[in-house]
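> What follows is a single structure, and I will ask about it in a moment.
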(Lines give C-alpha, C1' and ligand atoms only; values in the text may rest on other atoms or scores of the structure.)
Protein backbone atom coordinates (compact mmCIF):
# COMPACT_ATOMS: atom_id res chain seq x y z
CA UNK A 1 0.00 0.00 0.00
CA UNK A 2 0.98 3.52 -0.62
CA UNK A 3 1.95 5.64 2.24
CA UNK A 4 1.01 9.29 2.42
CA UNK A 5 3.67 11.66 3.50
CA UNK A 6 2.45 14.21 5.92
CA UNK A 7 4.56 17.04 4.50
CA UNK A 8 2.77 16.57 1.10
CA UNK A 9 -0.61 17.09 2.69
CA UNK A 10 0.46 20.40 4.16
CA UNK A 11 2.42 21.63 1.10
CA UNK A 12 -0.63 23.61 -0.07
CA UNK A 13 -0.16 25.73 2.99
CA UNK A 14 3.15 26.94 1.57
CA UNK A 15 1.30 28.44 -1.46
CA UNK A 16 2.05 32.18 -1.63
CA UNK A 17 -0.70 34.18 -3.40
CA UNK A 18 1.59 37.20 -3.77
CA UNK A 19 3.89 35.17 -6.03
CA UNK A 20 0.90 34.25 -8.23
CA UNK A 21 -0.11 37.89 -8.48
CA UNK A 22 3.47 38.85 -9.32
CA UNK A 23 3.68 36.12 -11.99
CA UNK A 24 0.35 37.23 -13.47
CA UNK A 25 1.50 40.87 -13.51
CA UNK A 26 4.73 39.90 -15.31
CA UNK A 27 2.71 37.85 -17.81
CA UNK A 28 0.32 40.76 -18.45
CA UNK A 29 3.16 43.27 -18.80
CA UNK A 30 4.97 40.98 -21.24
CA UNK A 31 1.77 40.54 -23.26
CA UNK A 32 1.17 44.30 -23.33
CA UNK A 33 4.73 44.93 -24.50
CA UNK A 34 4.41 42.32 -27.23
CA UNK A 35 1.15 43.95 -28.34
CA UNK A 36 2.84 47.37 -28.46
CA UNK A 37 5.73 45.95 -30.48
CA UNK A 38 3.37 44.22 -32.90
CA UNK A 39 1.34 47.44 -33.30
CA UNK A 40 4.51 49.44 -33.97
CA UNK A 41 5.60 46.94 -36.65
CA UNK A 42 2.12 46.97 -38.19
CA UNK A 43 2.03 50.77 -38.17
CA UNK A 44 5.46 50.97 -39.82
CA UNK A 45 4.44 48.41 -42.45
CA UNK A 46 1.26 50.37 -43.17
CA UNK A 47 3.17 53.62 -43.56
CA UNK A 48 5.69 51.98 -45.87
CA UNK A 49 2.88 50.45 -47.92
CA UNK A 50 1.30 53.89 -48.22
CA UNK A 51 4.59 55.39 -49.39
CA UNK A 52 5.04 52.57 -51.89
CA UNK A 53 1.53 53.07 -53.24
CA UNK A 54 2.10 56.82 -53.54
CA UNK A 55 5.38 56.28 -55.41
CA UNK A 56 3.69 53.76 -57.69
CA UNK A 57 0.85 56.15 -58.52
CA UNK A 58 3.30 58.98 -59.25
CA UNK A 59 5.35 56.70 -61.47
CA UNK A 60 2.20 55.56 -63.28
CA UNK A 61 1.17 59.16 -63.90
CA UNK A 62 4.61 60.07 -65.24
CA UNK A 63 4.66 56.94 -67.39
CA UNK A 64 1.23 57.71 -68.81
CA UNK A 65 2.39 61.19 -69.75
CA UNK A 66 5.55 59.79 -71.35
CA UNK A 67 3.60 57.24 -73.40
CA UNK A 68 1.03 59.89 -74.37
CA UNK A 69 3.74 62.26 -75.57
CA UNK A 70 5.33 59.45 -77.56
CA UNK A 71 1.94 58.68 -79.19
CA UNK A 72 1.43 62.36 -80.03
CA UNK A 73 4.89 62.46 -81.59
CA UNK A 74 4.06 59.38 -83.70
CA UNK A 75 0.82 61.01 -84.88
CA UNK A 76 2.62 64.27 -85.69
CA UNK A 77 5.34 62.52 -87.72
CA UNK A 78 2.76 60.45 -89.61
CA UNK A 79 0.60 63.51 -90.36
CA UNK A 80 3.59 65.51 -91.59
CA UNK A 81 4.70 62.61 -93.74
CA UNK A 82 1.24 62.20 -95.24
CA UNK A 83 0.93 65.92 -95.97
CA UNK A 84 4.35 65.97 -97.62
CA UNK A 85 3.32 62.97 -99.71
CA UNK A 86 0.09 64.70 -100.75
CA UNK A 87 2.07 67.76 -101.85
CA UNK A 88 4.41 65.54 -103.85
CA UNK A 89 1.43 63.83 -105.51
CA UNK A 90 0.15 67.19 -106.70
CA UNK A 91 3.30 67.57 -108.83
CA UNK A 92 3.02 64.15 -110.51
CA UNK A 93 3.13 64.29 -114.34
CA UNK A 94 2.79 60.62 -115.25
CA UNK A 95 1.34 57.35 -114.02
CA UNK A 96 4.82 55.86 -113.70
CA UNK A 97 5.92 58.76 -111.50
CA UNK A 98 2.75 58.32 -109.41
CA UNK A 99 3.38 54.60 -108.92
CA UNK A 100 7.04 55.22 -108.04
CA UNK A 101 6.13 57.98 -105.58
CA UNK A 102 3.36 55.90 -103.99
CA UNK A 103 5.58 52.79 -103.69
CA UNK A 104 8.35 54.80 -102.09
CA UNK A 105 5.91 56.40 -99.66
CA UNK A 106 4.41 53.07 -98.62
CA UNK A 107 7.87 51.56 -98.09
CA UNK A 108 8.93 54.51 -95.93
CA UNK A 109 5.68 54.37 -93.98
CA UNK A 110 6.11 50.64 -93.32
CA UNK A 111 9.66 51.19 -92.06
CA UNK A 112 8.52 54.14 -89.99
CA UNK A 113 5.67 52.10 -88.48
CA UNK A 114 8.09 49.34 -87.46
CA UNK A 115 10.48 51.84 -85.87
CA UNK A 116 7.63 53.62 -84.11
CA UNK A 117 6.28 50.33 -82.77
CA UNK A 118 9.73 49.39 -81.45
CA UNK A 119 10.11 52.81 -79.84
CA UNK A 120 6.65 52.61 -78.24
CA UNK A 121 7.36 49.08 -77.02
CA UNK A 122 10.67 50.17 -75.45
CA UNK A 123 9.03 53.16 -73.76
CA UNK A 124 6.21 50.97 -72.43
CA UNK A 125 8.73 48.43 -71.14
CA UNK A 126 10.70 51.14 -69.33
CA UNK A 127 7.54 52.56 -67.77
CA UNK A 128 6.47 49.09 -66.63
CA UNK A 129 9.88 48.47 -65.05
CA UNK A 130 9.75 51.85 -63.27
CA UNK A 131 6.21 51.07 -62.13
CA UNK A 132 7.13 47.67 -60.71
CA UNK A 133 10.31 48.83 -58.96
CA UNK A 134 8.78 50.32 -55.74
CA UNK A 135 6.51 47.31 -55.24
CA UNK A 136 9.37 44.90 -55.87
CA UNK A 137 11.62 46.71 -53.39
CA UNK A 138 8.84 46.79 -50.78
CA UNK A 139 8.19 43.07 -51.22
CA UNK A 140 11.90 42.27 -50.90
CA UNK A 141 12.10 44.40 -47.75
CA UNK A 142 9.06 42.68 -46.28
CA UNK A 143 10.46 39.24 -47.05
CA UNK A 144 13.79 40.22 -45.48
CA UNK A 145 12.01 41.35 -42.31
CA UNK A 146 10.17 38.01 -42.11
CA UNK A 147 13.45 36.16 -42.42
CA UNK A 148 14.95 38.22 -39.57
CA UNK A 149 11.90 37.77 -37.33
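The values are calculated or read from the model by the stated rules, or taken from the named source; none is laboratory data. Quantities reported herein were computed from a predicted structural model and do not represent experimental measurements. Every residue, glycine as well, gets a Cβ built from its backbone with ideal geometry; the counts of neighbours run over all protein chains shown.
> Of 125, 130, which residue is surrounded by 13 or more Cβ atoms within 10 Å (Cβ to Cβ), within 23 Å of the chain's Cα centre (by Cα) and either under 15 Å from residue 70 (Cβ atoms) or without any contact (Cβ under 8 Å) to a residue 60 or more places away in the chain (or both)? Give the derivation first.
Values: 125 fails: surrounded by 13 or more Cβ atoms within 10 Å (Cβ to Cβ).
Exactly one of 125, 130 is surrounded by 13 or more Cβ atoms within 10 Å (Cβ to Cβ), within 23 Å of the chain's Cα centre (by Cα) and either under 15 Å from residue 70 (Cβ atoms) or without any contact (Cβ under 8 Å) to a residue 60 or more places away in the chain (or both), namely 130.
> Being surrounded by 13 or more Cβ atoms within 10 Å (Cβ to Cβ) and farther than 30 Å from residue 131 by Cα is the filter here, so list the residues in the stretch 99-117 that pass it. First the steps, then the outcome.
Initially, the stretch 99-117 is screened for residues surrounded by 13 or more Cβ atoms within 10 Å (Cβ to Cβ), giving 101-102, 105, 109, 112, 116.
Answer for the stretch 99-117, where residues must be surrounded by 13 or more Cβ atoms within 10 Å (Cβ to Cβ) and farther than 30 Å from residue 131 by Cα: 101, 102, 105, 109.
> Please find, among 120, 86, the residue that is surrounded by fewer than 12 Cβ atoms within 10 Å (Cβ to Cβ) and part of a helix (DSSP H, G or I).
On the way: 120 fails: surrounded by fewer than 12 Cβ atoms within 10 Å (Cβ to Cβ).
The conditions single out 86.
> Ok, one more. In the set 71, 79, 96, 60, which member is without any contact (Cβ under 8 Å) to a residue 12 or more places away in the chain and under 24 Å from residue 124 (Cα atoms)?
Values: 71 fails: without any contact (Cβ under 8 Å) to a residue 12 or more places away in the chain; 96 fails: under 24 Å from residue 124 (Cα atoms); 60 fails: without any contact (Cβ under 8 Å) to a residue 12 or more places away in the chain.
The unique qualifying residue is 79.
> Go through 80, 66 for me and flag whichever is on the phi < 0 side of the Ramachandran plot and either touching a strand residue (DSSP E or B) at 6+ places or on another chain (Cβ under 9 Å) or modelled with pLDDT under 95 (or both). Even if it seems obvious, please write down each step before you answer.
On the way: 80 fails: either touching a strand residue (DSSP E or B) at 6+ places or on another chain (Cβ under 9 Å) or modelled with pLDDT under 95 (or both).
Only one candidate qualifies: 66.
> Considering only the stretch 59-74, I want to know if a residue exists there that is assigned to a helix (DSSP H, G or I), within 30 Å of residue 41 (Cβ to Cβ) and within 21 Å of the chain's Cα centre (by Cα). If you could, list the steps in order and put the result at the bottom.
Going through the stretch 59-74, the residues assigned to a helix (DSSP H, G or I) turn out to be 59-74.
Filter again for within 30 Å of residue 41 (Cβ to Cβ), leaving 59-60.
Next, only the ones that are within 21 Å of the chain's Cα centre (by Cα) stay: 59-60.
Yes, some residue in the stretch 59-74 is assigned to a helix (DSSP H, G or I), within 30 Å of residue 41 (Cβ to Cβ) and within 21 Å of the chain's Cα centre (by Cα).
> Which condition from (1) in a helix (DSSP H, G or I); (2) more than 42 Å from the chain's Cα centre (by Cα) is the one that residue 110 breaks?
Evaluating residue 110 over (1) in a helix (DSSP H, G or I); (2) more than 42 Å from the chain's Cα centre (by Cα) leaves (2) as the failure.
> Report whether or not residue 92 is outside any helix (DSSP H, G or I) and either surrounded by 14 or more Cβ atoms within 10 Å (Cβ to Cβ) or in contact with a strand residue (DSSP E or B) (Cβ under 6 Å, 6 or more places away or on another chain) (or both).
yes
> Next question. Among the candidates 55, 71, 49, single out the residue that is exposed (fewer than 14 other Cβ atoms within 10 Å of the Cβ), closer than 30 Å to residue 139 by Cβ and touching a helix residue (DSSP H, G or I) at 6+ places or on another chain (Cβ under 8 Å). Write out each step before concluding.
Numbers: 55 fails: exposed (fewer than 14 other Cβ atoms within 10 Å of the Cβ); 71 fails: closer than 30 Å to residue 139 by Cβ.
Just one listed residue meets the conditions, 49.
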